[in-house]
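J.: I have a structure here, written as C-alpha cells, and I will follow up with some questions on it.
The values are calculated or read from the model by the stated rules, or taken from the named source; none is laboratory data. Keep in mind it's a predicted model, so treat the numbers as computed, not measured. Cβ sites come from the backbone with ideal geometry, for glycine too, and all protein chains shown count toward neighbours. Accessible surface is based on the protein model in full, side chains and every heavy atom, while ligands, DNA and RNA are left aside. Shrake-Rupley method; radii C 1.70, N 1.55, O 1.52, S 1.80 Å.
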Amino acid sequence: MMVALMATAAVGLTGCKKENPEPEQPTPDPTPTQETMDLTGTSWVGIYNDTYQGYAAVLTWSLDFTTATEGELLFELMVAGQQQGNYDVPFTWTFDGTHGVMDAGQMGASEFTYNAETNTIEMRMMVEVEGSGEALGGVTTFYLRGSQPDPGQPSQGDSTSVEPGEVTDLFPANTRWTASEETVYPVPQLGDLPMTLTYNLYFKNDHTGNISITATVMDQPSEPQTVWYNWEFDNTTNEGNFVVQGAPLPFTYNPDDNTIHSNFAFNVQGTGQQVGGELTFTQVTGSKSVSGIRLVLG
C-alpha cells in the first residue's frame, strides 16, 4: 500500500509541465516562528499516582539534562506514606526540539515529547517489582522544577478528582483488599486467550480510596487502570458505598469470614465483552515495603 501511494504521488508531480516555465525566484530564508527549545541545563519533575498491593503509591521522577548529551534520572517511591528508597540512573539523550530519546543503557530507552504550549515533557516511565509480576507507573507529565502543579490537585494516574473527607480510624479505613477473576480475551485469528483480572481495593482514612484493575494475558500484565472514589460505610449494618463521580456503588462486609462483596461489572474496551460482576474481596495484610525495583523504559 505504501509503494502504491508513493507511485501515484510521483505520477501526479511529473504528469503536468508548463510550456513556458517562469524563471525560478530565489526562496527567502524562512522566518522562525519560535525559538528552538534547548533542554541542556534544565531540570524537570514528574509525579505519577498509582497503587501497590492496594496501598497508595507515589512515583516521583527528577530529570536533569546536565550536558548537551548526558543527564541523570532520580526516582523516588512512596508507598502508604513510607519512603521506599531512591534510585539514580545516568542516561544519554538526543532532542530535535520536539521529540527526543532518553537512553539508559541496559535499562532501555524511552522516547519523549516536548509540548511548547504547556512547556511540559511527556514520557512513559515504568518500574517493575521483581518477583511480584507488578509494574508501577505509566505516561508521566514532567514540569520544570518549581513550576509543577499543586500536589493537592489530581496528577498523572488520577482518573477522577476526589475531595478528601473527614479523617477516621473506623473500619474499613486504612485497609486493602484483593479479588481475582478468570475469564478470556478474544483475539482475532488466535481465538479466546485466558485472561486473569486482578482487582485491588484501598480505603484511605479520609473517606477516599481507589480500585486498580490489572489484566494478565499470556503472562503479560497490563498497565493498571485506577479509579478513585469516596467511600461511606455503616458499621451497624456492615453496608457501604463506593461513590464514583457522584454515583453510588454498594458493597457489603461479612465479618464472619472478613470479606467484602460488590459488583464491578464493566466492558472490556474494543471487544464489547463484559467482565467482573459479583466479586468477593479478601483482606491483604502483607508488607508495605517494596524491594527489587527495576526501571523499564520504552
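J.: Considering only protein heavy atoms, what is the solvent-accessible area of His99 at a probe of 1.4 Å, reported in Å² to the nearest 10?
T.: Here the accessible area works out near 100 Å².
J.: Rounded to the nearest 10 Å², what accessible area does Glu134 show when all protein chains are kept and the probe is 1.4 Å?
T.: Glu134 has an accessible surface of roughly 50 Å² with all protein chains in place.
J.: Something else: Got the relative contact order for the range 62-140 handy, in percent, Cα pairs under 8 Å and 6 or more residues apart?
T.: Dividing the mean separation by the residue count of the range 62-140 yields 15 percent.
J.: Let me ask you something else. Sorting check: for 89-96, 43-50, which peptide has the highest mean count of neighbouring beta carbons within 10 Å, and how do the rest follow?
T.: Result, highest mean Cβ count within 10 Å first: 43-50, 89-96.
J.: Take the Cβ-Cβ distance between Ala116 and Thr236 as r, set R0 to 45 Å, and report the resulting FRET efficiency rounded to the nearest 0.05. Write down the numbers at each step before the final one.
T.: Details: r = 57 Å, r/R0 = 1.27.
My answer for the efficiency is 0.20.
J.: Next question. How far apart, in nm, are the 7 Å Cα→Cβ label points at Asn86 and Gln189?
T.: Result for the modelled spin labels: 4.9 nm.
J.: Rank these residues by their accessible area, most exposed first, probe 1.4 Å: Leu144, Leu190. Mind dumping the intermediate values first?
T.: Values: Leu144 50, Leu190 115 Å².
Accessible-area ranking of Leu144, Leu190, largest first: Leu190, Leu144.
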